[in-house]
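**Q** Sharing a structure, written as structure tokens. Questions coming.
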Amino acid sequence: MTDGLARPLRIGRIDYTNVWPVFHHFRPESLRFPAEQVSEMPAALNRKLKEGDIDAAAISSFAYGASSDSYYLLPNLSVSALGKVQSILLFLKSPLEKVIHGKIALTTTSATSVNLLKIIMTKFYGGDPVYEDAEPSLERMMRDADAALLIGDHAIRASWQNHGYRVLDLGEVWNLWTGHWMTFALWAVRREAADRQPEAVRSIYEGLMESKRRASRDLGPIVSKALRQIGGTPSYWRGYFSRLHHDFGPEQQAGLMLYFRYARELGLMEGKVSLTEWPAVALAGNLSQPQVKS
């Protein structure tokens, strides 16, 4: 607090294209209450939200599940896919039969994807690979590993290279084995921040939802930005953004709760997970979904 006034709320933004449809038209400076935006990799945002350095953020689904008692969900916001996601990719230098018992280099930038890979390797393929953390460079990761996991824009750029590796899309593998959606990120707010400054949080939420609506009506500006910053072709980016889903309804929730169940069964996560929406939104009847517990 400063002079009796609450400090501006800090909003974490993942530094990946998969959240652009929610953040592209979001302008903190235009909100009714002071707010600041912080752009980081998912792992950094996960840590900062848990430690209270930021108040709300798009965070890894796994990070939400691990600390769900501390957060409320901002309803109807996620990064989800039914099948291919194109930015959560396992590059295989060796045959899959060797990879599942070999060494896999892991990106250090996202907990959801790393633990999804562990679920796939152990539960679906019966493997027991050795995992090794590495910086997200495909060439360096493959020097001493049978496979490498890349996510986000690192995965997209690597998928365009003429590397000769087999590539598994983890969203597609998850869907083939389970029939479910996979949700990679959620928008969460710390409970004390939401309780302390409900109108400020509402302003942020409304801004995010309006940004999502504008992007869904016209992908053109986001596609143009991706071409400028990353490269590729208009058809690639339109296909990429069209496959992503940024709502969080019952089907996405069911897929995520199955992911949490598998994570608990493998000892990757402890305790029950509650998908608890911010009550101030739910009470207003604004895009609310029933609470789900696992």
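The values are calculated or read from the model by the stated rules, or taken from the named source; none is laboratory data. Remember, it's a predicted structure, so these values are computed and weren't measured experimentally. Note that each Cβ is placed from the backbone with ideal geometry, even for glycine, and that neighbours are counted across all protein chains shown.
**Q** For segment 111-130, what are the residues that are in a loop (DSSP other than H, G, I, E, B) and closer than 17 Å to Trp174 by Cα?
**A** Of everything in segment 111-130, those that are in a loop (DSSP other than H, G, I, E, B) and closer than 17 Å to Trp174 by Cα turn out to be Tyr125, Gly126, Gly127.
**Q** Kindly indicate whether any position in segment 266-282 is assigned by TED's automatic domain parsing to the domain that holds Arg191, more than 15 Å from Leu74 (Cα to Cα), surrounded by fewer than 16 Cβ atoms within 10 Å (Cβ to Cβ) and modelled with pLDDT of 95 or more.
**A** Checked segment 266-282: at least one residue is assigned by TED's automatic domain parsing to the domain that holds Arg191, more than 15 Å from Leu74 (Cα to Cα), surrounded by fewer than 16 Cβ atoms within 10 Å (Cβ to Cβ) and modelled with pLDDT of 95 or more.
**Q** Picking from Glu135, Glu40, which residue would you name as being over 29 Å from Ala254 (Cβ atoms) and assigned by TED's automatic domain parsing to the domain that holds Val22?
**A** Glu40
**Q** When you look at Gln197, is it of a type in the set (S, T, N, Q), over 22 Å from Ala43 (Cβ atoms) and in the same structural domain as Ile54 (by TED's automatic domain parsing), yes or no?
**A** For Gln197, the condition - of a type in the set (S, T, N, Q), over 22 Å from Ala43 (Cβ atoms) and in the same structural domain as Ile54 (by TED's automatic domain parsing) - is met.
**Q** Would you say Phe26 is surrounded by fewer than 24 Cβ atoms within 10 Å (Cβ to Cβ), among the hydrophobic types (A, V, I, L, M, F, W, C) and not in a strand (DSSP E or B)?
**A** For Phe26, the condition - surrounded by fewer than 24 Cβ atoms within 10 Å (Cβ to Cβ), among the hydrophobic types (A, V, I, L, M, F, W, C) and not in a strand (DSSP E or B) - is met.
**Q** Another question, then. May I ask you to verify whether Arg13 is loosely packed, with under 15 Cβ neighbours inside 10 Å and not in a helix (DSSP H, G or I)?
**A** Considered against the rule, which asks whether it is loosely packed, with under 15 Cβ neighbours inside 10 Å and not in a helix (DSSP H, G or I), Arg13 comes out as no.
**Q** Quick test for you: out of Ser137, Ser94, Ser159, pick the one residue that is touching a helix residue (DSSP H, G or I) at 6+ places or on another chain (Cβ under 9 Å) and hydroxyl-bearing (Ser, Thr, Tyr).
**A** The match here is Ser137.
**Q** Name the residue that is farthest from Ala193 (Cα to Cα), counting only residues in segment 26-49 that are in contact (Cβ under 8 Å) with a residue 40 or more places away in the chain and in contact with a strand residue (DSSP E or B) (Cβ under 6 Å, 6 or more places away or on another chain).
**A** Taking segment 26-49 as the starting set, the residues that turn out to be in contact (Cβ under 8 Å) with a residue 40 or more places away in the chain are 26-28, 30-35, 41-43, 46, 49.
Retained after the next criterion (residues that are in contact with a strand residue (DSSP E or B) (Cβ under 6 Å, 6 or more places away or on another chain)): 28, 35, 42, 46, 49.
Numbers: Pro28: 17, Ala35: 12, Pro42: 20, Asn46: 16, Leu49: 11 Å.
Looking at the filtered set, the residue picked out is Pro42.
**Q** Checking Ser137 against (1) closer than 25 Å to Asp15 by Cα; (2) modelled with pLDDT of 95 or more: exactly one of these is not met. Which one?
**A** In the conditions (1) closer than 25 Å to Asp15 by Cα; (2) modelled with pLDDT of 95 or more, Ser137 misses (2) alone.
**Q** Whether any residue in segment 110-118 is under 18 Å from the mean Cα position of the chain (by Cα), at pLDDT below 95 and in the same structural domain as Trp278 (by TED's automatic domain parsing) is what I want to check.
**A** no
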